[in-house]
Amino acid sequence: MLKSDEKKVLLNPWRILIVDDEIDIHTVTKMALKRFELEGREVEFLSAFNSNEAKQVIEDNDDIALIFLDVVMETDDAGLRIAKWLREEKKNIFTRIILRTGQPGQAPEEEVIMGYDINDYKQKTELDRTKLFTSVVTALRAYRDLIKIDQSITYERAYRRGLQKVIESTTDLLEKKTLKHFFNGLLQQVISLIHADQEGALIKPVDGAGTICYANDYQVIAECGNISLNNCLEPKAIELLDKARKIKGSVYEDEHYVAYFPSKSDQESLLYLRGNQIEQLTDINIQLLNLFSNSIGIAFDNLLLNEEIIKTQEDLINRLGNAVESRSKEAGNHIKRMSEFCYILAKELNLSDSDCDILKQATPMHDVGKISTPDSVLLKPGKLTEKEMNTMKQHAQMGFDILAGSERPILNAAAIIAQQHHEKYDGTGYPAGLKGDNIHIFARIVAVADVFDALIHRRCYKEPWALEDILQLFNEETNKHFDPKVVSALVNKLDDILIINSQLTESDNL
């Protein structure tokens, strides 16, 4: 335990600024308060001898508790101007001001008290040691209370923001950054609980999958502050992570705190906090953190479970899409390229992160209806007859019928895309003849991506087109087949799309 003398060293002193053009006033004030102490904190004096110096000291120090301010210095109202500047321009409502004057007639007390936001007004002859002591204690306590009130308001706001982020993360589990979003909400709530700013990371042991960030088999899945997904944790942090896992509980030491999230599954997770205020946590703070960790464990467990469901769903969609692609003998990696193209276009069109991800995940199912199309039509090397074309067109509605009815956002989006990706912007498409914005934006994007990929690669019925010919077609079909906004996005992001096309084009002759 720290001795009382050692505790004083840890507490910052009260900072008092003396603004006066008489050096003797500085000396006398410091002598009178030489041994002053309040709540275990001593005083530190700052000095300024004119308005400019005073403003500079205030600019350089944002924790001045009290200012002894002379009224008359380089001008008769220099002190009053500083008080007005501090409150109105600097927006500082916390620092206490004791106005002092040797010429009371220059600034009548009632006018000053009513017209300026000051806390006391004394004649210099009044300030003997006893009165000075009383004025300082009153002013510092007022400053302390104002700061505490402001901190309470700040932490309450942080708690509400944190709670909002946690709630949002549980209702928007399709976003890729869900875990990071969830963690940021947790961190803000932790800050509000212990009233201390920290940096930290949400960590889980590596079970053979994922990116290993450091040698001790831990993986950072979300971070805040200087702890990075790409940076290793320091040895002390790893030591405490190991200890927390061993005892299945929370531990803290020096400036490190590790919260262990209990889990009903085999998934372990830990919250790591680092900061120089950790070592100052009270027993109540630690109890709150431990209780919070136990309570949040089940929520995090459910979050991981939902993520696993989404990944499984995405994997099944890709496998089914690949099966359709293989049967129709489309160009290699067609659905992979389609997904990436659509994601790029959606980003360029400023769709939400969630919509961009859903579109990317749902796109592989756009031609699932072809599973019912006869081989004689699907694989015919040449132009289809009118009857064969009508048969081929049925795949759009068939795809919708296969996928419709699910409450899962990805499958719901896939059903819409399957049904509408052959609709045309001018209303001449199929199966419903939808026009303009009545066609879902997902389907309008897929229509552009699908045609682009079909033209730039060889198919059983055609050779690949030259890029300039493809762009000419899109120019001609803008406002007819294609949404002009999507075509514009394609042109804007053409370099990125061509890179993806190159990366995902198989090396054999396709």
- prompt: Under 9 Å by Cβ, and 6 or more places apart or on different chains, what pairs join a residue from region 127-151 that is closer than 14 Å to ILE67 by Cα and assigned by TED's automatic domain parsing to the domain that holds PRO13 with one that is among the polar types (S, T, N, Q) and not in a helix (DSSP H, G or I)?
  reply: SER135/ASN119; THR138/ASN119; ALA139/ASN119; ALA142/ASN119; TYR143/THR95
task: Please indicate, with yes or no, whether at least one residue in region 373-382 is touching a Lys or Arg at 6+ places or on another chain (Cβ under 7 Å), in the same structural domain as HIS422 (by TED's automatic domain parsing) and either acidic (Asp, Glu) or not in a helix (DSSP H, G or I) (or both).
output: yes
- prompt: Taking the stated definitions as given, is VAL491 over 20 Å from PRO364 (Cα atoms), in the same structural domain as ASN412 (by TED's automatic domain parsing) and at pLDDT 95 or above?
  reply: yes
- request: Check region 450-459 and report whether any residue there is under 18 Å from ILE371 (Cβ atoms) and in the same structural domain as ASP353 (by TED's automatic domain parsing).
  value: yes
- prompt: For region 86-102, which residues satisfy the criterion of being farther than 19 Å from GLU74 by Cα and surrounded by fewer than 20 Cβ atoms within 10 Å (Cβ to Cβ)?
  reply: ARG87, GLU88, GLU89, LYS90, LYS91, ASN92, ILE93, PHE94
Leading residue by the ranking (farthest from GLU42 (Cα to Cα)) among those in region 52-93 that are in contact with a Ser or Thr (Cβ under 7 Å, 6 or more places away or on another chain) and β-branched (Val, Ile, Thr): VAL72
Residue list for region 468-483, restricted to those being surrounded by 13 or more Cβ atoms within 10 Å (Cβ to Cβ) and either assigned to a helix (DSSP H, G or I) or among the acidic types (Asp, Glu) (or both): ILE470, LEU471, LEU473, PHE474, GLU477, ASP483
message: Just to verify a result, which residue in region 445-480, among those that are modelled with pLDDT of 95 or more and touching a His at 6+ places or on another chain (Cβ under 6 Å), is nearest to PRO381 (Cα to Cα)?
response: ALA447
- prompt: Among the residues of region 58-80, how many are crowded, with 17+ Cβ neighbours inside 10 Å and either of a type in the set (S, T, N, Q) or not in a strand (DSSP E or B) (or both)?
  reply: 7
message: Quick check on region 365-372. Is at least one of its residues among the basic types (Lys, Arg), closer than 18 Å to MET338 by Cα and assigned by TED's automatic domain parsing to the domain that holds GLU463?
response: yes
task: Of the conditions (1) farther than 19 Å from ARG458 by Cβ; (2) crowded, with 17+ Cβ neighbours inside 10 Å; (3) at pLDDT 80 or above, ASP353 clears all except one; give me its number.
output: (2)
message: Quick test of your reading of the structure: ILE358 fulfils all but one of (1) within 17 Å of VAL448 (Cβ to Cβ); (2) assigned to a helix (DSSP H, G or I). Name the failing condition by number.
response: (1)
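Quick one: in region 58-82, which of the residues that are within 39 Å of the chain's Cα centre (by Cα) and at pLDDT 90 or above is nearest to GLN123 (Cα to Cα)? Full working, then the answer.
Initially, region 58-82 is screened for residues within 39 Å of the chain's Cα centre (by Cα), giving 58-66.
When the remaining residues are screened for being at pLDDT 90 or above, the result is 58-61, 63-66.
On the way: ILE58: 24, GLU59: 27, ASP60: 28, ASN61: 27, ASP63: 26, ILE64: 22, ALA65: 21, LEU66: 17 Å.
Among residues in region 58-82 that are within 39 Å of the chain's Cα centre (by Cα) and at pLDDT 90 or above, the one nearest to GLN123 (Cα to Cα) is LEU66.
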message: Report every pair of residues separated by at least 6 positions or lying on different chains whose Cβ atoms are under 6 Å apart, first residue within region 58-86 and more than 20 Å from ARG144 (Cα to Cα), second among the acidic types (Asp, Glu).
response: ASP70/ASP20; MET73/ASP21; GLY79/ASP70
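Each row is one residue, and each column tells you yes or no for (1) in a loop (DSSP other than H, G, I, E, B); (2) surrounded by fewer than 21 Cβ atoms within 10 Å (Cβ to Cβ).
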| residue | (1), (2) |
| --- | --- |
| HIS395 | no, no |
| SER406 | yes, yes |
| GLN419 | no, no |
| GLY429 | yes, no |
| ASP437 | no, yes |
| VAL446 | no, no |
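Mind telling me which of the residues ASN322, ASN302 ends up being at pLDDT below 75, within 28 Å of ARG458 (Cβ to Cβ), assigned to a helix (DSSP H, G or I) and not assigned by TED's automatic domain parsing to the domain that holds VAL486?
Numbers: ASN302 fails: within 28 Å of ARG458 (Cβ to Cβ).
Being at pLDDT below 75, within 28 Å of ARG458 (Cβ to Cβ), assigned to a helix (DSSP H, G or I) and not assigned by TED's automatic domain parsing to the domain that holds VAL486 holds for just one of ASN322, ASN302, which is ASN322.
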- prompt: Taking region 448-467 as the search range and keeping residues that are in a loop (DSSP other than H, G, I, E, B) and in contact (Cβ under 8 Å) with a residue 60 or more places away in the chain, which one is surrounded by the most Cβ atoms within 10 Å (Cβ to Cβ)?
  reply: HIS457
message: I need the full set of residues from region 4-35 which are under 47 Å from the mean Cα position of the chain (by Cα), modelled with pLDDT under 90 and not β-branched (Val, Ile, Thr), in order please.
response: SER4, ASP5, GLU6, LYS7, LYS8, LEU10, LEU11, ASN12
query: Could we say that GLY115 is surrounded by 14 or more Cβ atoms within 10 Å (Cβ to Cβ) and either farther than 27 Å from VAL28 by Cβ or at pLDDT below 90 (or both) here?
result: no
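The values are calculated or read from the model by the stated rules, or taken from the named source; none is laboratory data. Keep in mind that this is a model prediction, so the values were computed, not measured. Every residue, glycine as well, gets a Cβ built from its backbone with ideal geometry; the counts of neighbours run over all protein chains shown.
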